[in-house]
1. Name, by its number, the condition in (1) in a loop (DSSP other than H, G, I, E, B); (2) closer than 16 Å to A:Leu10 by Cβ that does not hold for A:Thr50.
2. For the stretch B:2-26, what are the residues that are within 30 Å of A:Met613 (Cβ to Cβ) and either modelled with pLDDT under 90 or within 14 Å of chain A (Cβ to nearest Cβ) (or both)?
3. In the stretch B:80-93, what residues are within 12 Å of chain A (Cβ to nearest Cβ) and either of a type in the set (Val, Ile, Thr) or surrounded by fewer than 18 Cβ atoms within 10 Å (Cβ to Cβ) (or both)?
4. Looking at the stretch A:76-92 only, could you name the residues that are free of Cβ contacts under 8 Å to residues at least 60 places away in the same chain and within 13 Å of A:Arg58 (Cα to Cα)?
5. Only one of (1) of a type in the set (A, V, I, L, M); (2) in contact (Cβ under 8 Å) with a residue 24 or more places away in the chain; (3) more than 11 Å from every other protein chain (Cβ to nearest Cβ); (4) surrounded by 17 or more Cβ atoms within 10 Å (Cβ to Cβ) fails for B:Ile108. Which number is that?
6. Within the bounds of the stretch A:618-636, is there any residue that is within 14 Å of chain B (Cβ to nearest Cβ) and at pLDDT 80 or above?
7. Considering only the stretch B:103-135, state which residues are polar (S, T, N, Q) and part of a strand (DSSP E or B).
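The values are calculated or read from the model by the stated rules, or taken from the named source; none is laboratory data. Since this is a predicted model, take the numbers as computed values, not measurements. Here Cβ is always computed from backbone atoms with ideal geometry, including for glycine, and neighbour counts include all displayed protein chains.
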Amino acid sequence: MEDDILQGFLEESWENLSQLDSDIVAFEKDTENDDLLASIFRTIHTIKGTCGFIGLTRIGSVSHATENVLGKMRDRSIERTTDGISLVLEGIDGIKELMQGLESNGEEPNVDHKELIGNLEQVAEGKDASEFVGNASQQEANATAQAGGKAVAGIDTATLMTESGDVDFDELDKAINEAAARHREKLAEQKKQEKEEAKSPSTAAAAANEKPTKKVVTRKAAPVEVDAQPSKKKTVADLSIRVNVNVLDRLMNLVGELVLARNQLIQLSRDDEESRYSAPITHLDRVTSDLQEGVMKTRMQPIGNAWSKLPRLVRDLARITEKQIELEMDGADTELDRTVLDAIKDPLTHMVRNSADHGVETTAERLAAGKSEKGTIHLDAYHEGGHVIICIEDDGAGINAERVLNKAISNGLVSEADAANLSDYDIHQFIFHPGLSTAEKVSSVSGRGVGMDVVRTEIERIGGTVDLLSKEGQGTTVRIKIPLTLAIISALVVKAGDQSFAIPQLGVVELVRLAADQRSRIERVHDKQVFRLRDRLLPLVELTDVLQVEPSTDEKDIDVNIVVVQVGEEQFGLVVDEVFDTEEIVVKPVGLLMKDIAIYQGTTILGDGRVIMILDVTGIASDFNALSATSVNRDAHTEDEKQKAQGHTSLLVFDAGNETMMAVPLALVSRLEEFSRDKIEESSNGPIIQYRDCLLPLQSISGSFDSSQTAPQPVIVFSDGQKSMGLMVDGINDVVEEHLTIQVQSNRPGVLGTAVINGKATEVIDTQHYVEQADPEWFQNKGTSHLRVLIVNSSNFFRQMLTTSLRAEKFQTEDVGIASDALSLLENDPKYDAIIVDFDDDAEDLTQWVHSQKQTSGIPVIGLCSRLTPPIQQRADESGCNTLLEKLDISALSREIQNLCNQREWNQGVSA
Amino acid sequence: MIATSQQAEQYVSFWVDGQLLGVPVSAVQEVLNSQNIARTPRSKPEIAGLLNLRGQIVTAVDLRMSLGLPPLEEGKSSMYVVLRFRGESFSLLVDEVGDVFDVSKESILPVPRTLNAHWLKVTTGVVRQESCLFIILDVATVLRLPAS
C-alpha cells in the first residue's frame, strides 16, 4: 500500500512539475500575472504537503524553501526579478532530481541541497537574488556534469561487465559502495574547488567529461547504483500512458453515437427478418458492444484507487482516538468510470472517517460491551446489475436513535407527535439532514455538523443512492449504489400526452399498474393524490401536470400506470399514460436554451431516431413538491416555504347544505364528531345531545334538523373550558391552507363574509353568532372579567376571530379597524387593560403613540404577527411593544393579557 | 465574382412574415425542409422543439414566436436554417429561404430607429439590395442565449 501511495505521488507530481516549468517561464514573461503565480505556488505547496504526509523530508525541505520565495513574491514582499525566478527554477530542478532518485530507488537519494535551500531562504528574506545566481548556474553546471558523467559511467560499467564476462557482483557491489563513500567526501571537496575555479558552466562540464573513464566509474558510483534500477523495474511511465481525459471523453461520445446508429439499424432490420443486412448488422452489433465496453474500460479505474489513502487514515485516527481498528477491504479491483470514482472519493473518505471516529468504540467500551477489543471497518465493493455497490460496515456502537430523534425534534425536522410513529430506520435517515451531527464532542476529525448530508448530495449528484442501516450496539452499514458510468444509461421510456420521455432506470423502484376498476385506491389528501402501496402512502404526481401538457385521453376507465421513483429517502409515484420499454440510451447534455429547466437531465435519440427528453426525477420532485405530502414537516424549511406559509390560515371547509361550502378557521374548532341521529334529542333551546357526560347544545347551519335520515350527523364542536356547542353541518369537506382575505362583507347573521378558498367563493362563518345562539349566556355566564381589551386590526376577519375567542376567555373587547379610530377611542377613554395590535400591519406608530401619551403609557401593547421572525421582533421591540405573539395562538394570547395586566396592577400597587 | 467580393461577406436570406432577413453564410450549417420535431414541454414558447440531424440534436427556435409575430398559416410548413453557434447547433424556423447575397461592409447601413421595437433588438444592420431591403439578424440575441 505504501508503494501505491508513492506511485500516486510520483505520477501526480511529475505531471504537476512538467506543467510548472512552462508556467514559470510564462510567469517570467508576465510577472504581473497574479493568477499564474498563485497556481505555481499551489503546485509547489501541494508537493510540499504530500511530502510531509508521506515523510519525504528532502523533497519537502526544498519545496518548502521554494514555496517560501514564491509566497513572498505573491505577497510582493520581495521583487519578482528574473534572478529570483531562476532561483525558483533551480529549486524545482532540485525537486525533480530528488524525485528521479525516488522513483528508481524507492527512497530519497542522499543528496544534500543545503546550499540551494540556503540561497532560497536568503532570497526569501529579501536578499538580492542575483548574488546567488552565479552559484546557481554553477550548480546547474554541476548537474550537467553529473548527467554527462552518469551516461559515461553507465556505458563504462556495461563495458566492464561484457568485457570481463565474469564479474563477481558481490565484489563489484562492495567496491561500488566503498567508492560511493569516498566519492561523497570527494564531492564535497570538489564542490569547493569548482566554486572557486569554474565561472562558466561549459568549463565545468568539459572538465567533468574529460575525466578519465576509470575515475568516472568510481566517482559516479552512486548514480550508477541509481541508474541500474530502471532496467529491473519499469518506471511508471513505461507501464501506462497518460491520455488526456478529453480524448477519452470524446471517444466515449463517439462510441455513444455509434451505439445510437447501431440501435437504429437494429430497429430497422427488426421489421424485416429476411433482410440481407441482418448478418452484417449482427456483426456490427457485437463489435459495437465490444468497442463500447473497451472504451468504457479505458475510463475505468479500480475502486481501490479511491481507497488507497484509507488504511493510513484509519491508522492515524485509531492512534488519535486511542482505539484499535482494523480496516478490511474487499473488491478493491472493482472498476468504475473515473468521473464516478472522482465523485465518490470524498464521500467515501468521509464515511470511513465517521465509522472510525464515531462508530467504533474505544477498547474499554468495547470490552465492557462484550465485544472483541479490536473494532473492524469493512469495505466491500461489487458489481450488481449495471451498478457498483459499495458497503461501509463497522461493528461499532451503532446509531443512538433516541439521540438522533431528540436532535431532529430540537431542529424542528419532526414534531414530537409524529416522532412517536417513526421506525428506527426512519429515524436513522435524519442523519442525512444538514446540521445533524450527534457527536457529543467535536473532534479534530469529524463532528462539525457537516457530513452525511454532503455525502448524500454528492452521491445523488452522480445518480447514486445512499442507504443506512444501523443497530444500536452492533454497528452501522452504509450502502452506496452508484451507476457504472454516466454516459450510457438504461432508461424507461414512457408516454405523457402524445410524447415519449425517458426516465433513468436508476431512479425507478418499481412499476405499478392499477386496473381501471381499482382506481378508487387512489385517494386524495388535501389537493394531492396519494396511493396506498402496501403499507405506505405514496404521493402521486401526474407526469402530464409536471410537463403541463394535455393528457392523451380524458377517459377515466383506463388502467393507471404508476412509475414509483426514489428521490433521496422519499418515494413518489409518477403517473404516466403508457409505459413502453427500457432502452440503453446515450445521455446528451441539454441544449443551452433549455439548461434552466430542472425537470430535464438530458436528451437522447432513441433507436427509431426520435429525439426524446430524459426526465430528472429529482427535479420533478422539487418542482412539484410532491414529497411534502408524506414527509412530516421535513421539507418546510426552505425560505420559500416559510414565505408561503406566512399569512396563511388553516381553514376547515364544510358542506352547509344547498350545495354551498362554508369555512371556519381551524384554530377555533375543538373537535369534529359524527353522531347517530337518533341520539339527538329536542329541548326547549333546540336540539341537544349527551356527549362526554355533558349536554352538548347543537345548532344547525342550515337552520333545520332532519332526524329522519340514517346517516350519522357530522358536527363541528366549539369548546371553551367546560362549555361546548356543536354545529351540525352536512359534511366535513377538507382542510386547506389559504391566505384568508374576506372580500365581500356579509350582513347575514352568522356569516362574516365571503372569501376565495380553493379557488371558490366560500362563506366564512361567524362562530360567535352560533355560540351565542346555542347558549346566550356563553359569554356573560362565566363572571365576566373586568379586563378590557382593545383590538386594533385592519382585517375584519381577524377582529372577529379575536373578539370571539377573547370573549370566550371572559375578556371585554372592543375592536377598531384602523389606528386613527384607536387613537380617538383612547383619547376619550384610556381605561383599557391591554391593546392588541397587528405587526403584519403597520403597528409601530400606534404602539409608540400609546407609550408616549401620559394617559395611555401604562397600557400594555401586545403585538401579533403571522410568523415570528427576527425583523418583526426587532420592529416590535423598537416601538416599545410589550410582547409579540403569533396569531391564532389564542390561549397564549389570553395568558399573556392576564400576565401583563397582573403585572401592571402589581406595579401600580407598588407605586401607590 | 465581382471585384469587391474580397471585402464582402455572404448572407443567407430568408422570409419571415413578409420581411427578408439575413444571417452570415459562415454561421449557417445547412438548410432543411420540414422536419420531425420533438416538442419540449416547459421550455420557452419560441422553442419549437428538438430535431435529430444525423445523430446530432438541434434546438429549433421558431423565429415568428421569438419576434412576436403571428404563427404561420395553417397548411404551410416552415423551413429550417441550421446554425452553428457557440459549439451547439440551433435551427431557425423560417417561412421560406431566399437567395444568398454578397454584401460588402460599406453597404451595411445602420438600423433605422423607427424600426419596430422587436425588430430593433435583434438587428445589427440593414442592407439594400437592388430590389429589396434585408435585415441582418443578430443570432445571439434572437436565440436569447444565456450570457456565456
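1. Looking at each condition in turn, A:Thr50 falls short on (1).
2. Of everything in the stretch B:2-26, just one residue is within 30 Å of A:Met613 (Cβ to Cβ) and either modelled with pLDDT under 90 or within 14 Å of chain A (Cβ to nearest Cβ) (or both), namely B:Asp17.
3. Listed by number, the residues that qualify are B:Phe85, B:Arg86, B:Gly87, B:Glu88.
4. Within the stretch A:76-92, just A:Gly91 meets the criteria.
5. (4)
6. yes
7. Listed by number, the residues that qualify are B:Ser104, B:Thr123, B:Thr124.
Every residue, every condition in (1) buried (at least 16 other Cβ atoms within 10 Å of the Cβ); (2) modelled with pLDDT of 75 or more; (3) out of contact with any His (no Cβ under 6 Å at 6 or more places or on another chain); (4) of a type outside the set (Gly, Ala, Ser), yes or no:
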| residue | (1), (2), (3), (4) |
| --- | --- |
| A:Thr81 | yes, yes, yes, yes |
| A:Gly94 | yes, yes, no, no |
| A:Asn110 | no, yes, yes, yes |
| A:Asn119 | yes, yes, yes, yes |
| A:Val123 | yes, yes, yes, yes |
| A:Thr144 | yes, no, yes, yes |
| A:Thr159 | no, no, yes, yes |
| A:Gly165 | no, no, yes, no |
| A:Asp168 | no, no, yes, yes |
